[in-house]
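The numbers here are math on the coordinates, done by the rules we state, and not lab data. Since the model is a prediction, treat every value here as computed from it, not as a measurement. Methodologically, a virtual Cβ is constructed for each residue, glycine included, from the backbone with ideal geometry; neighbour enumeration extends over all protein chains shown.
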Amino acid sequence: MNINKQQLADLNKTNLKNHQTHFDFLAQSLSHSDTDVNTLVAKLAEFQVAIPSWALGAGGTRFGRFSFSGEPASLEQKIEDIGLIHSLTQTAGAVSLHIPWDVPNDYNAIKELAALHSIKFDAVNSNTFQDQKNQKESYKYGSLSNTSAAVREQAIAHNKEVVEIGNQLGSKALTVWLADGSSFPGQNNFQTALTHTQNSLISIYEDMPADWKLYIEYKPYEPNFYSTVIQDWGTSLMLANGCGERAYTLVDLGHHLPNTNIEQIVSILMLKGKLGGFHFNDSKYGDDDLTVGSIKPYALFLIFNELVYGMQNNPQNPELGWMIDASHNVKDPLEDLIQSLEAIQEAYAKALLIDQNALRAAQEAHDVTTCQELLQNAYRTDVRPLIREARLRHGGALNPIEAYRALEVRKNLINERGNKTVATGL
Ligand code: PSV
Ligand code: MN
């Protein structure tokens with residue numbers, strides 16, 4: 001199924017007058033500040049987030065998986081799904097592939113298909129947390145950190161192969177997330193595991209093309225429950241520094257213990273020029289992989305405040321790789337991703353509204369009350385007309401969920417693909 005601009009323009013007609021009223025009102029309210037509304041709209045339109053190839057079907061939990069009908073059964077169909085989301089939102093102009101779940105059969109054909117949908121290839125993800133069919137060594141007791149040199153070599157070789165695959169598609173970054181760790185005290189020697197990991201990462205890093213970046217993802221627990229080798233941002237940063245200039249930390253919002261101040265982590269990493277990528281999701285308890293902004297939208301806004309500050313003040317930090325990393329169990333994955341994109345845009349737009357100069361002045365003057373007022377005035381602004389305007393100017397839908405339903409996308413996908421298809425991924 002394809003959605004064309006005319007279909008969306010027709011659907012937009014119903015909401016256009018209402019949108020114009022809201023947009024004009026917001027533009028008028030913002031005209032008293034330094035904020036130029038057209039610059040804001042342009043920044044929102046520019047902001048593109050990669051969709052993970054593994055999140056277009058049902059995620060499932062370790063207790064079960066309830067399939068969604070019409071799931072994409074191939075990489076081609078996954079790209080088509082992202083194309084649908086991108087047509088509606090104009091924000092999903094990239095895909096992040098997980099290997100070997102999504103190895104292309106025909107590189108040129110996949111590249112052509114992605115280009116047709118204006119989709120770029122973002123970071124590629126390696127997978128040494130599962131054993132694959134016909135794999136010689138097992139990752140049961142770790143991969144890049146394993147005590148066995150043969151296992152480490154196999155995991156290193158896999159990462160190198162992922163880079164080769166990504167390179168053929170135009171990706172420029174490799175994301176490494178390791179499940180490595182231990183479930184019981186005494187099971188691992190922490191120092192040996194970290195040393196092996198560092199050496200393995202260096203070997204992967206040194207083999208990467210000169211214009212590639214390495215993103216090192218951290219996570220405190222799961223699937224191991226006593227220790228994880230790359231458990232936090234400090235460990236990730238240490239490993240990135242050990243690899244070299246083009247190695248960075250990747251922050252996945254779900255990979256923190258409850259109440260961790262993620263915005264501070266983001267800020268410090270950007271100061272050090274070491275924040276490489278981002279995995280968006282939301283959570284109540286652990287790595288819940290819920291829709292972005294569904295549980296803690298204010299925390300997301302505070303994170304974006306630091307990101308915006310960093311993007312404006314830290315030229316030492318590279319452009320970031322923005323990705324969603326969520327799992328869909330009860331909502332239609334495409335609707336869920338559309339909601340996530342909207343939440344990301346909303347947090348970004350609100351952060352852009354913060355009067356940074358006034359905030360700096362209030363901080364200098366120790367005027368704590370004004371600091372809070374400045375943040376919360378921005379947070380309480382309904383920025384949705386800006387996001388809608390950005391979509392409208394680029395041929396997207398004023399209301400993507402409404403359009404998705406009006407066009408009966410899921411029904412069409414089921415008609416095309418059937419009820420029983422299962423997408424690769426977690
Ligand atoms: C691990 O929990 C993780 O966040 C990593 O990014 C994986 O690649 C992804 O989830 C798999 O869903
Ligand atoms: Mn992740």
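Just so you know, in segment 172-186 the residues that are surrounded by fewer than 24 Cβ atoms within 10 Å (Cβ to Cβ) and either within 16 Å of ligand 1 (Cβ to nearest atom) or touching a residue at least 40 places away in the same chain (Cβ under 8 Å) (or both) include one that is farthest from ASN127 (Cα to Cα), and it is PRO185. Taking the condition within 22 Å of HIS22 (Cα to Cα) and surrounded by 17 or more Cβ atoms within 10 Å (Cβ to Cβ), does ALA362 pass? It is false that ALA362 is within 22 Å of HIS22 (Cα to Cα) and surrounded by 17 or more Cβ atoms within 10 Å (Cβ to Cβ). Remark: pairs (first residue in segment 7-35, farther than 21 Å from GLY395 by Cβ; second residue outside any helix (DSSP H, G or I); Cβ separation under 7 Å; 6+ apart in sequence or on different chains) = SER33/ASP355. Residues in segment 208-237 that are away from ligand 2 (no atom under 15 Å from the Cβ), more than 20 Å from the chain's Cα centre (by Cα) and either closer than 20 Å to MET323 by Cα or not aromatic (Phe, Trp, Tyr) (or both): MET208, PRO209, ALA210, ASP211, ASN224, SER227, VAL229, GLY234, THR235.
The residues in segment 216-247 that are closer than 19 Å to ASN317 by Cβ and polar (S, T, N, Q) can be counted, and the count is 2. Just one of (1) touching a helix residue (DSSP H, G or I) at 6+ places or on another chain (Cβ under 6 Å); (2) part of a helix (DSSP H, G or I); (3) surrounded by fewer than 21 Cβ atoms within 10 Å (Cβ to Cβ); (4) of a type in the set (S, T, N, Q) fails for ASN305. It is (3). In the set THR35, THR39, only one residue is closer than 28 Å to PHE280 by Cα and not in a helix (DSSP H, G or I); that residue is THR35.
In this structure, is LEU413 assigned to a helix (DSSP H, G or I), free of Cβ contacts under 8 Å to residues at least 40 places away in the same chain and not acidic (Asp, Glu)? Steps first, please.
Working: assigned to a helix (DSSP H, G or I): yes; free of Cβ contacts under 8 Å to residues at least 40 places away in the same chain: no; not acidic (Asp, Glu): yes.
Spelling it out, it is not the case that LEU413 is assigned to a helix (DSSP H, G or I), free of Cβ contacts under 8 Å to residues at least 40 places away in the same chain and not acidic (Asp, Glu).
Every condition in (1) surrounded by 15 or more Cβ atoms within 10 Å (Cβ to Cβ); (2) among the acidic types (Asp, Glu); (3) under 18 Å from the mean Cα position of the chain (by Cα) holds for GLU319 except the one numbered (1). Mind listing whichever residues of segment 267-290 are of a type outside the set (Asp, Glu) and within 15 Å of ligand 2 (Cβ to nearest atom)? Listed by number, the residues that qualify are LEU275, GLY276, GLY277, PHE278, HIS279, PHE280, ASN281, SER283, GLY286, LEU290.
Working only within segment 194-225, note down all residues that are more than 16 Å from ligand 1 (Cβ to nearest atom), aromatic (Phe, Trp, Tyr) and not in a loop (DSSP other than H, G, I, E, B). TYR205 - this is the single residue of segment 194-225 that is more than 16 Å from ligand 1 (Cβ to nearest atom), aromatic (Phe, Trp, Tyr) and not in a loop (DSSP other than H, G, I, E, B). If I go through segment 145-157 residue by residue, how many of them are under 24 Å from TYR221 (Cβ atoms), in contact (Cβ under 8 Å) with a residue 12 or more places away in the chain and out of contact with any Ser or Thr (no Cβ under 6 Å at 6 or more places or on another chain)? The total comes to 3.
When residues of segment 346-369 are filtered for being assigned to a helix (DSSP H, G or I), more than 20 Å from the chain's Cα centre (by Cα) and not hydroxyl-bearing (Ser, Thr, Tyr), how many remain? Before the answer, list the steps.
Residues of segment 346-369 that are assigned to a helix (DSSP H, G or I), as a first pass: 346-353, 356-364, 368-369.
Now restrict to residues that are more than 20 Å from the chain's Cα centre (by Cα): 353, 356-364, 368-369.
Checking which are not hydroxyl-bearing (Ser, Thr, Tyr) leaves us with 353, 356-364, 368.
Number of matching residues: 11.
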